[in-house]
Structures are given as structure tokens and as C-alpha cells.
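Notes to accompany the following structure.
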Amino acid sequence: NTLFVTQKTGQLRVVKNGTLQSANVASIPVFTVSECGLENLVIDPGYASNKFVYVFATVSATAQRIFRFTIGTDASGNLIGGSQTQIGPDLPTKGVNHDGGGMAIGADGNLYVGVGNNGNGNNVGGDGTSGEFTSLGSKISRMTKTGQAVTSNPYYDAADGITAKDFIWARGFRNPFGLRYHPTTGALWVTEVGDSYEQIFLVTQNSDQGWPTENNTSTTNGKLIPKLAYPTNASPFGGCITRGVFYDGTAFPATHQGNFFFTDYNSGKVMRSVMAAGGNSIASTTVFLTGAANATDISVGPDGALYYSTIGGTIYRLRYTGTTTQNIIVSATNLSVNEASTATFTAKLASAPGANVAVSLAKTSGTTDVTFTPASITFTPANFATAQTVTVSAANDADLIDEGAAITASATGLTSQRVVVI
């Protein structure tokens, strides 16, 4: 039950079991003018075994960097970040706004990073500019988790040396602030802060948003068409979309499974988008919560609650308060595990049982390369709400084939929960 938090002024903090650790996990010298600073963090899917976290930081008026930390523990039991390592090349900034800051680790195990056009009145690296293929401004770049350009990137060419062009994965973005992967389709979704529209895109390799074209609805010009676009400060949703998350827990009703929840800084609202069948488009969007002043990010916790942050320095927890029926609550119904690595999910019960409940775990499909422990978990009336950890391991092999499995948690009289391992 550990929550990592980045502060604009450069501190990486952690909340353990609901209590803020007094010591910083790490402190990074950053440049903080306008939107600059320590902007984002992602956890490695293999954190259970490698303890890696990655942060996005503006380090000067001209440079941004991705750093990887290895999380350890000091003599007092505090989590601390060691082995600070820069991942990938320096990223452009003009030390103002539209720095981007979106990061995500894809199902391919690579790190995706969004950088904006470097400010109002700028279009660094944008379509038709001199830097379109020489700058990582206005781009989503893709690199390995050790910082190398991925050889299957659309403009990769080692023959002329490794430059910014080799890292480009998609282009033409004004400010790709939030990057999230769909837990079942594996598609990359981007929340994009526009001039006249706030937009959500499903982004594919070598696609082009083509900013300053906004709310693009053409099917003939080859540019990305938004899955959702609402006019800036002229919509019930607000005027500055920040980040979103696909709900992948089981503590909310089943109707919320797979929904995309996103925040808007200007309106202080959290929105709920219900996905259409197949998960590649949005069927409907409504306001889910008001009063989230200056919301910056949102995520799903291992307890199945939604957590969102605000610029004022507060983390809020949104839990389901409807009528509770007994249920097995798993922290995620989809789990990404790299080969030769491990990952974890947790399980608990929704309410206190009258007697002990044994939850059995079994692999119900998939490769023999995926194993897990333990095979069963027992919950008592006293510990039913304590999340217990299941560790999933993936063996390393040389077949170059993506493999997976499904683990089913079941107990007598309760609805089984399925965790898909990808």
C-alpha cells in the first residue's frame, strides 16, 4: 500500500499505509518556472523484483530528462531512491509551458514519453517546422527502459547515427500531458491540452495529430481524429484536461469496469467515459465528480478506489459507498509481466465474513511460463480488508512470442475474479 507522489519543486514523496513518509524518497534539482518542474512518475511493471521508478523532470530552461531510481530502504525503514540514472536523451523545453510530461510503459515493455510544443506561440518540432524530424518537441517518443531508441520506431536508422529522429513514435502534438495504456487492447490513449479544444486520442505508431488542426473530424487528411473533444472553457467538462486512467479494479460496480476517468484542471471535475464495445472508442461521457479544484492526475489504487491529486498538494480517495455485497476485490484485472521478471496483484474481501473464507487461485488458461504464489489465501472476520499479495512470475525464453495467462480467484458462494496476465 505505497503511493508515490511527485512535487513540482523536485521532491519524490511516498505515502505508506495512508501516512506521508517524512523523508523524501529523492530530491531532484529542477527548473520550476510556469509548468516546469518534476512533472510525472511511472512505476516499472517489474517493480516487485527490480524496484525501478521513472520520473520526468525539467532540469533547466533548455532541458528535460527522464531519471530512473532504484527504490531501497534506509536504517529507519524509509523508502529511498538510489542509483539515479538518466534514461534516454535530453528532451527540449523553452522553460515555460507545454512541456508535456506524459509517460507510460507499454505492453511491449518500452517507455513512451510525451513532449509538447514548448509554449504558447511556439511550435517546436511541429508539423512543417525545421525541427519536425530533428526535435523531440511535439512528439511521443519511444525508448527501451534503459534509454535506447527502439529499432522498430518509424524513423529509426542507425546508419546515420542515433539522433532525435530515431526516438520518434508519433508526432504533431501541442501538449500530450497524459499517456495511458488500455489494459486489455494495449492501445495508447493520450489526453491532449489544446488551444480551442481539450482532446483525447487513441494514438498509433507513426500517427500525426497535426496541431494546430484541432477537433479534426476529417477521414481523408490522414491526421488523428479525437475520440473525445470538448471546447475549452465552453463545456460542462471544463477547459484544461490533465490526465486519465482506465478503471481496472473490482471495488466499483461492474458497470465501471474499463471506464476511462479523467480530470480537468480548470473546472475541478472528474469525468467518466464509458467505452464502446471493443474499447477503441468512447460511447458517452458524464461529469462524475465536482469540487476537485485544480486536479492534475488520477489513478486506481490496489484497494480498487480512485485517487486524484490537486496542485494544492492534497491527494483524495474516491471509494464506492453504495450497498456492499460480499465480493473478492482484486487490485487489477489485467497485469503486465515482462519475461524474467515478476509483478504483483492483491486481493481482499468487500465486507466482513461470518466465518473464514478461503480464496483459491488457479491458472485457468495460458502458458506454463507464467507461475504464481500463493495458491490460496484465507480471510478472517478480522483481516478481510487487508490486501494480500499474489506474486506472478514470467520465465525467460527465446521464442520472441508474446505469451500470457489467466489466474482466477474463487471462493464458495462468491463471484470469481479473473486476472489476465499479459
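The values are calculated or read from the model by the stated rules, or taken from the named source; none is laboratory data. In this text, all values refer to a predicted model and were calculated from it rather than measured experimentally. Glycine gets a Cβ as well: all are built from the backbone with ideal geometry, and neighbour counts include every protein chain shown. SASA here: full protein model, heavy atoms, side chains in, ligands and nucleic acids out. Shrake-Rupley method; radii C 1.70, N 1.55, O 1.52, S 1.80 Å.
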One residue from I329, I298 being closer than 25 Å to N383 by Cβ and in a strand (DSSP E or B): I329
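Among residues belonging to region 315-336 that are more than 19 Å from the chain's Cα centre (by Cα) and without any contact (Cβ under 8 Å) to a residue 40 or more places away in the chain, point out the one that is farthest from D264 (Cα to Cα). Step through it out loud before you land on a result.
So in region 315-336, the residues more than 19 Å from the chain's Cα centre (by Cα) come out as 319-329.
Now drop any that are not without any contact (Cβ under 8 Å) to a residue 40 or more places away in the chain, which leaves 321, 323-325.
On the way: T321: 24, T323: 29, T324: 30, T325: 32 Å.
Across region 315-336, the extreme among qualifying residues is T325.
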Subset of region 373-408 (residues that are touching a residue at least 40 places away in the same chain (Cβ under 8 Å) and touching a Lys or Arg at 6+ places or on another chain (Cβ under 8 Å)): A387, Q388, A405, A406, I407, T408
Options S309, S331; residue that is open to solvent by less than 40 Å² (accessible area, probe 1.4 Å), under 27 Å from D44 (Cβ atoms) and out of contact with any Gly (no Cβ under 8 Å at 6 or more places or on another chain): S309
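Within 17 Å of Q209 (Cβ to Cβ), part of a loop (DSSP other than H, G, I, E, B), among the small types (G, A, S) and free of Cβ contacts under 8 Å to residues at least 12 places away in the same chain: does that describe G101?
Working: within 17 Å of Q209 (Cβ to Cβ): yes; part of a loop (DSSP other than H, G, I, E, B): yes; among the small types (G, A, S): yes; free of Cβ contacts under 8 Å to residues at least 12 places away in the same chain: no.
No: the conditions fail for G101.
If we scan region 184-198, do we find a residue that is in contact with a helix residue (DSSP H, G or I) (Cβ under 9 Å, 6 or more places away or on another chain), open to solvent by less than 10 Å² (accessible area, probe 1.4 Å) and under 25 Å from A343 (Cα atoms)?
no
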Count - residues of region 383-409 that are in contact with a strand residue (DSSP E or B) (Cβ under 8 Å, 6 or more places away or on another chain), open to solvent by 40 Å² or more (accessible area, probe 1.4 Å) and over 15 Å from G366 (Cβ atoms): 6
Pairs where the first residue, in region 248-277, is of a type outside the set (A, V, I, L, M, F, W, C) and the second is surrounded by fewer than 18 Cβ atoms within 10 Å (Cβ to Cβ) and modelled with pLDDT under 95, C-beta under 6 Å, 6+ apart: none
Test: residue in region 309-325 that is farther than 25 Å from T391 by Cβ, of a type in the set (D, E, K, R) and not in a strand (DSSP E or B): yes
Candidates G147, G114, G125 - the one that is part of a loop (DSSP other than H, G, I, E, B) and farther than 27 Å from G404 by Cα: G125
Residue within region 162-169 that is charged (D, E, K, R), in a strand (DSSP E or B) and touching a residue at least 12 places away in the same chain (Cβ under 8 Å) present: no
Subset of region 208-236 that is surrounded by 21 or more Cβ atoms within 10 Å (Cβ to Cβ) and in contact with a Lys or Arg (Cβ under 9 Å, 6 or more places away or on another chain) - its residue that is nearest to R319 (Cα to Cα): Q209
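May I ask you to list the residues in region 82-127 that are hydroxyl-bearing (S, T, Y), surrounded by 21 or more Cβ atoms within 10 Å (Cβ to Cβ) and closer than 28 Å to E339 by Cα? I'd like the intermediate steps shown before the answer.
Residues of region 82-127 hydroxyl-bearing (S, T, Y): 83, 85, 93, 112.
So of that shortlist, the ones also surrounded by 21 or more Cβ atoms within 10 Å (Cβ to Cβ) come out as 93, 112.
Correct list: Y112 only.
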All positions within region 253-284 that are β-branched (V, I, T) and closer than 27 Å to Q417 by Cβ: T255, V270, V274, I282
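Where in region 170-285 are there strands (runs of 3 or more DSSP E), lying fully within it, with 3 or more residues that are more than 30 Å from T325 (Cα to Cα)?
Numbers: elements: 176-181, 188-193, 197-203, 228-231, 241-246, 260-264, 269-275.
By residue number, 176-181, 188-193, 197-203, 228-231, 241-246.
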Unmet criterion (only one of (1) open to solvent by less than 30 Å² (accessible area, probe 1.4 Å); (2) among the aliphatic types (A, V, I, L, M); (3) not in a loop (DSSP other than H, G, I, E, B)) for A292: (3)
Residues of region 410-422 classified as over 24 Å from the mean Cα position of the chain (by Cα) and open to solvent by 30 Å² or more (accessible area, probe 1.4 Å), total: 6
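Take Y230 and decide whether it is over 30 Å from I328 (Cα atoms) and aromatic (F, W, Y). Can you show your working first?
Numbers: over 30 Å from I328 (Cα atoms): yes; aromatic (F, W, Y): yes.
When the stated conditions are applied, Y230 passes them.
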